[in-house]
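Here's the structure we're looking at; comments come further down.
The values are calculated or read from the model by the stated rules, or taken from the named source; none is laboratory data. Since we're looking at a predicted model, the values are computed, not measured. Please note: Cβ atoms are built from the backbone with ideal geometry, for glycine as well, and neighbour counts cover all protein chains shown.
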Number of protein chains: 2
Amino acid sequence: MREQILDAAERLVQNRGLSAVSFQDLADAVGLRKASLFHHIKNKDELGRLLIQRCGSKHGPRYAAVIEQDTDAPAKLRGIARLFENDLHAGEPCLMAALGSSLDALSGSAVAELGAAAQVSVARFALVFAQGRREGSLAFEGSAEDAAMGFFAMLEGLQTLCRAKGDVSSFGPCVATYIQAVTVSEGLA
Amino acid sequence: MREQILDAAERLVQNRGLSAVSFQDLADAVGLRKASLFHHIKNKDELGRLLIQRCGSKHGPRYAAVIEQDTDAPAKLRGIARLFENDLHAGEPCLMAALGSSLDALSGSAVAELGAAAQVSVARFALVFAQGRREGSLAFEGSAEDAAMGFFAMLEGLQTLCRAKGDVSSFGPCVATYIQAVTVSEGLA
DNA sequence: GACGGTCAACCGACCGGTCGGTAGTTTGGG
DNA sequence: CCCAAACTACCGACCGGTCGGTTGACCGTC
């Protein structure tokens, strides 16, 4: 049941932001009464923190599956981007954008957990950039972490921007342009 | 007075999201009583729409000033990025991230205006990418619009991500890595 | 004396959250 | 094997407070 509540909450928060989701909304979405929710979630701050934790435990394995494939780095970047694109098409953009862009509405501990979750994702993606540099398939200046953070930021930003423009179809071409730019072209190198 | 209200509202919304900013907050911030605000702003939906419009009329000229400089495209990209970086350091991230990541909390007309504003920015940045391709200073596949949208998305995403991680200093290196990747290196070409 | 701006007072709805209580299930001791 | 205690999940009613928004009066200015 708790998982169902969090599933519904995630979907609502992704598209509205945490502070625009009330316990009443959440109760309606899962078919319970408002009071019952408090048996599963202590308060709104805990709701936010649970959502952030799930953001890691739920999507982390999906990223890991792509990263652990036996392919070159550009293919992995495309695979990661496709995960974000699919979520966007499913109307489920990453929670980190919704939560991160209204930081002052979160408690201190929630902010800390959000930052930690972001760092975990960046570190994961950095492995791909490091692999790409090692195998000569990616070219970029600076640290792999910086490159990975830029990549992650673009994925987050594209989800938001595509939805704002009502033009979900441009996610793919935009990210493809980026990946091509960091990929060492076959003709050279 | 209306401008002062909108200034204060912008600052609040940037860091909290529109639905977490109440008229009471806003009244406290500008030193008026809540009731007085409604002589300047009809309702919350209009507040959101005015904020979006200002996002264009206020920041548009700043971008234009950089774009109309007589420099090469990579320098213009760095200039645009620096604007976003300065705003981030000033605790004033772009409104589009805050508003765009909670679209379902906005009215239909507000969403339309937000999308239009986003399109205007993308078109502006696309001019720079087109120039770069023309003068041979930037290399990328696909349309200039796609490249520009990816660039814009990264700037938006980096603002959010840096704040979430509490590490504002990594904005510069991350975006530098991207710009370098799309810039045609002097040794080649 | 018309007018733009400000305000105190107020409104109904809703907010996050609590309370007391009720079914149903699980558990353990005689 | 039974029954009572304990526990889980749920709920109606309610709390103080805040929400977005309205009203009507008051003010200085031209």
- Item | Leading residue by the ranking (nearest to B:His89 (Cα to Cα)) among those in the stretch B:166-175 that are within 7 Å of chain A (Cβ to nearest Cβ) and either modelled with pLDDT under 95 or surrounded by fewer than 18 Cβ atoms within 10 Å (Cβ to Cβ) (or both) | B:Gly166
- In the stretch B:1-39, the residues that are in a loop (DSSP other than H, G, I, E, B) and hydrophobic (A, V, I, L, M, F, W, C): B:Met1, B:Val21, B:Leu32, B:Phe38
- Among what's in the stretch B:14-39 and is of a type in the set (A, V, I, L, M) and within 11 Å of DNA strand D (Cβ to nearest atom), pick the residue that is farthest from the other protein chains (Cβ to nearest Cβ). B:Ala35
- Note on the structure: Residue pairs qualifying under the 9 Å Cβ cut-off, at least six apart or on distinct chains, with the first in the stretch B:43-71 being in contact (Cβ under 8 Å) with a residue 24 or more places away in the chain and the second being aromatic (Phe, Trp, Tyr) and in a helix (DSSP H, G or I), are B:Lys44/B:Phe23; B:Leu47/B:Phe23; B:Tyr63/B:Phe125; B:Ile67/B:Phe125
- Here are some conditions: (1) within 12 Å of DNA strand D (Cβ to nearest atom); (2) not in a helix (DSSP H, G or I). A:Lys42 meets all but one. Which one does it not meet? (1)
- Pairs under 6 Å by beta carbon, first residue free of Cβ contacts under 8 Å to residues at least 60 places away in the same chain in the stretch A:164-179, partner not in a helix (DSSP H, G or I), six or more apart or different chains? A:Pro173/B:Gly142; A:Thr177/B:Phe140; A:Thr177/B:Glu141; A:Thr177/B:Gly142
- From the residues in the stretch A:12-35 that are more than 14 Å from A:Leu51 (Cα to Cα) and near DNA strand C (Cβ under 8 Å from one of its atoms), which one is farthest from the chain's Cα centre (by Cα)? A:Ala35
- Task: Would you check if there is a residue in the stretch B:2-12 being within 14 Å of chain A (Cβ to nearest Cβ), within 24 Å of A:Ser107 (Cα to Cα) and acidic (Asp, Glu)?
- Result: yes
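Residues are listed down the side, and each one gets a yes or a no for (1) of a type outside the set (S, T, N, Q); (2) over 30 Å from A:Ser169 (Cβ atoms); (3) more than 12 Å from the chain's Cα centre (by Cα); (4) within 16 Å of DNA strand D (Cβ to nearest atom):
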{"site": "A:Glu46", "(1), (2), (3), (4)": "yes, yes, yes, yes"}
{"site": "A:Gly56", "(1), (2), (3), (4)": "yes, no, no, no"}
{"site": "A:Leu88", "(1), (2), (3), (4)": "yes, no, no, no"}
{"site": "A:Ser101", "(1), (2), (3), (4)": "no, no, yes, no"}
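Please specify each residue of the stretch B:72-105 satisfying the condition of being small (Gly, Ala, Ser) and surrounded by 22 or more Cβ atoms within 10 Å (Cβ to Cβ). It would help to see each step written out before you state the result.
Narrowing the stretch B:72-105 to residues small (Gly, Ala, Ser): B:73, B:75, B:79, B:81, B:90-91, B:97-98, B:100-102, B:105.
Result: B:Ala73, B:Ala81, B:Ala97, B:Ala98, B:Gly100, B:Ser101, B:Ser102.
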- Query: Does the stretch A:96-140 hold any residues that are outside any helix (DSSP H, G or I), touching a Leu at 6+ places or on another chain (Cβ under 9 Å) and more than 8 Å from every other protein chain (Cβ to nearest Cβ), and which are they?
  - Reply: A:Leu106, A:Leu138
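On the basis of being away from DNA strand C (no atom under 14 Å from the Cβ), part of a loop (DSSP other than H, G, I, E, B), under 20 Å from B:Phe152 (Cβ atoms) and not acidic (Asp, Glu), does B:Pro93 make the cut?
On the way: away from DNA strand C (no atom under 14 Å from the Cβ): yes; part of a loop (DSSP other than H, G, I, E, B): yes; under 20 Å from B:Phe152 (Cβ atoms): yes; not acidic (Asp, Glu): yes.
So B:Pro93 fits the description; yes.
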